[in-house]
Amino acid sequence: MNESWHEVVPVHTASRDYDVVVGTHLLDEVGHRMRSTLDADAAFVVSDTNVAPLYLNRVESSLREAGFSVASTAVKAGESHKNLATFGSILEDMATASLTRDSVVVALGGGVVGDMAGFAAASYMRGIRVVQVPTTLLSMVDSSVGGKTAIDLSRGKNLVGAFLQPSLVIADVGCLSTLAPYVFVDGIGEVVKHGVLADEELFDELAAHPLTQDGDPIQLAHVIARNVAIKRDVVGADEKEHGVRQTLNLGHTIGHAFEAASGYALGHGHCVAAGLCHVVRASERLGWSDPGTSNRIERCVAAQGLPTTCDIPLDDVIAQASHDKKRHGASVNIVVPIRIGNVVMRRVSLPELANLIRKGAGSPRP
Ligand code: GLY
């Protein structure tokens, strides 16, 4: 199938409305889609050393064909480079390229590139526009949508950042075929999370059929678009995470603790999947979740090739979770599934959180 195919998910937020376009062969259409959406003269593409050799030429050509002047930078790939030094070098390159307030940043890559390029756009000249072109499953279903941008400090992930909704998101599912299998599967953690949050039909499909990177691209695009629509509804209701957006942190309080305790050796989506299973096991044992919910979630997570547990010592997990950046004084908001498609937020004290983490320990599902 060589023809381009796509669907559009419109996003409405308090600060900006924009489209998320999901489909096939879209990298060659980035320029003309931007031209018909934005009034801009120059485009500055931020990519990384993994993605640039694969896709930068195509995106640059498409931008030039659409009449943009184009400059680009490729930062070193990986979370360990999502720091102040790389952020500074992107800003310096933007200034060297003589970008103005009318220019636009194009973030071509996974979540790390999207977060950093978005934050650079939010900061340069007090804010210029960004177009997100996500190339991983995780960034297509989660980080490219909703306007969170950030970099890491030595004390923790995403400690500095800004909200900047993109002006357009273009997700070409063709990019998924070149991902390392671990990186593709990592994105499924957020997909399962969205099913648990808001879409039992999606959840049941995921439990029955593992997503594959070489499967039907149109089916994959449909799944991605459903995920974007779930996130869109939450972000549209609460752009700045004062209320309902916190439910997107389902699985994250414990998942982030796994990630940090592993020294970020484990992927975010793998940790979210294990964190989700951990919290629902605890919640069911505490009588908060409907009986059988944890079994259903564990089966779905395992069917998608993701872990249902993490072998980090519980004391380390408790120590990390107690320092979660989303802590409120001596308590934490934790998201708990009551059943598939229905979650609630509970404010727990740090001792209650420790008890919950101890209660949720389980053995890996074969
Ligand atoms: N990844 C959670 C959020 O965007 O709020």
Any hit, region 332-346, residues being over 26 Å from the mean Cα position of the chain (by Cα) and either surrounded by 13 or more Cβ atoms within 10 Å (Cβ to Cβ) or more than 15 Å from L286 (Cβ to Cβ) (or both): no
Some residue of region 225-233 being within 16 Å of the ligand (Cβ to nearest atom), surrounded by fewer than 17 Cβ atoms within 10 Å (Cβ to Cβ), in a helix (DSSP H, G or I) and not aliphatic (A, V, I, L, M): yes
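Quick grid of which residues meet (1) away from the ligand (no atom under 16 Å from the Cβ); (2) in contact with a helix residue (DSSP H, G or I) (Cβ under 9 Å, 6 or more places away or on another chain); (3) farther than 22 Å from L306 by Cβ; (4) among the acidic types (D, E):
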| position | (1), (2), (3), (4) |
| --- | --- |
| M116 | no, yes, yes, no |
| A121 | yes, yes, yes, no |
| S167 | yes, yes, yes, no |
| G189 | no, yes, no, no |
Where a residue in region 244-273 is of a type in the set (G, A, S) and its partner, wherever it lies, is in a loop (DSSP other than H, G, I, E, B) and more than 16 Å from the ligand (Cβ to nearest atom), with Cβ under 6 Å and at least six apart: A261/I312; A273/L306
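Just a yes or no: is a residue in region 21-38 over 15 Å from I170 (Cα atoms) and surrounded by 17 or more Cβ atoms within 10 Å (Cβ to Cβ)? Reasoning before the result, please.
Within region 21-38, the first condition is being over 15 Å from I170 (Cα atoms), and the residues that meet it are none.
No, every residue in region 21-38 fails to be over 15 Å from I170 (Cα atoms) and surrounded by 17 or more Cβ atoms within 10 Å (Cβ to Cβ).
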For L99: the one exception among (1) outside any loop (DSSP other than H, G, I, E, B); (2) hydrophobic (A, V, I, L, M, F, W, C); (3) farther than 18 Å from A85 by Cβ: (1)
Members of region 244-270 found to be away from the ligand (no atom under 12 Å from the Cβ) and over 13 Å from the mean Cα position of the chain (by Cα), listed by number: T253, I254, A257, F258, E259, A260, A261, S262, G263, Y264, A265, L266
Residues that are surrounded by 13 or more Cβ atoms within 10 Å (Cβ to Cβ), free of Cβ contacts under 8 Å to residues at least 60 places away in the same chain and within 27 Å of the chain's Cα centre (by Cα), drawn from region 77-101: A77, G78, H81, S89, I90, L91, D93, M94
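Computed from the coordinates by the stated procedures, all read-outs in this text should not be read as laboratory data. Please read these numbers as outputs of a predicted model, since none were measured by experiment. So basically every Cβ, Gly included, is an ideal-geometry build from the backbone, and we count neighbours across all protein chains shown.
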